[in-house]
Each structure stands twice: as C-alpha cells, then as structure tokens.
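Worksheet: the structure to be examined is printed underneath.
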Amino acid sequence: MAEFIEFRHSQSWDRHTEVELRDILSELEPEGRSLVWVIRGLWAIGDITVLGRTMRDLMEESETSAVGVPLSWQEFVVFAAHARQVIDGNFEAYRDESEIPSTMAPFDERRASMYEPAQIVIESLDGTLWSVFAREAAILERMTMKFSGTNSAP
C-alpha cells in the first residue's frame, strides 16, 4: 500500500539541522537509481551550471513544460548536491519516461491513486516542509527512522 510522510526541513528549533534534498535522496538507494525523475514547479537557489544550465532556466522549464524536466538518477543527485535551498518543487519518479503524465494532481489531497503511475513523489512546500509519497513501504520506513518528527498516513 502506498503511503506518504511529512517532516520539517529544519529538524531542530535552532535550524542547525536542515534536511536537504540530497539527504532524502540518500534514503532512496537503491530504488531511485532505476527510475526516471521529473522536476515540476521548482523554486530553488544554487549553482547547477555543472548540469549545463542555470537554476533560473531549470525553474522556468519546470513551470512551462507539459511533462516537467526529466532527469536521470545521476543528474538528479548532481542537482541535489548543488541546490543550496529548495523552496518549492515536486520531484517525481517513474519506471520509464513513457509513464510520465502531462500533469500531476495536487499533492495536498494525499491519495495514492492521484500518483498513478509515479513510484515516488518528493515535494518541498514553502521551504519548511517535505512530503514524500512512495509505493514501497521500506522507503518510508527508512526515512521515518532517519528524520525526526515524521507524520505518516496511508
């Protein structure tokens, strides 16, 4: 059964323990490697010129492309390593590029059927909250153990 969890970007009141996208990706090994990743609705800060584009270009493409911005796992890991702050964004994973829908339903209704056929969806909300949806319970179990203050629901 697919579920989701939520947890704060800041893991303590003094904000010295921030959960970054790269921290979340470390918990998606090995499952994330075999999936095609898509970025939609991105608002972030960082220098990603190592990927051959600017953050501004990536943000614009993530807003205007009907299918978002597809990335391989390796490209996604490089993006996460260079993104200093992810304020808003949906990061969706599919078995292959042909499964990527042209639109994605809003994350806030929390129903697994909304994410067909996504395998994983990571959402950053206003730079304060991470939401993670996954079809495999083991992924969410690892995250619940690593990140404090997680809330979950089916």
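When each of Trp37, Trp43, Trp130, Trp73 is scored by the number of other beta-carbon atoms lying within 10 Å, the sequence from fewest to most is Trp43, Trp73, Trp130, Trp37.
Potential lengthening of the chain between Val78 and Ser152 amounts to 23.8 nm, from the contour at 0.36 nm per residue minus the alpha-carbon distance. When each of Met55, Met143 is scored by the number of other beta-carbon atoms lying within 10 Å, the sequence from fewest to most is Met55, Met143.
Read-outs: derived from the displayed coordinates by stated rules, not from any lab. Just so it is clear, the model here is predicted, and its values are computed rather than measured. Note that we place each Cβ from the backbone using ideal geometry, even for glycine, and neighbour counts take in every protein chain shown.
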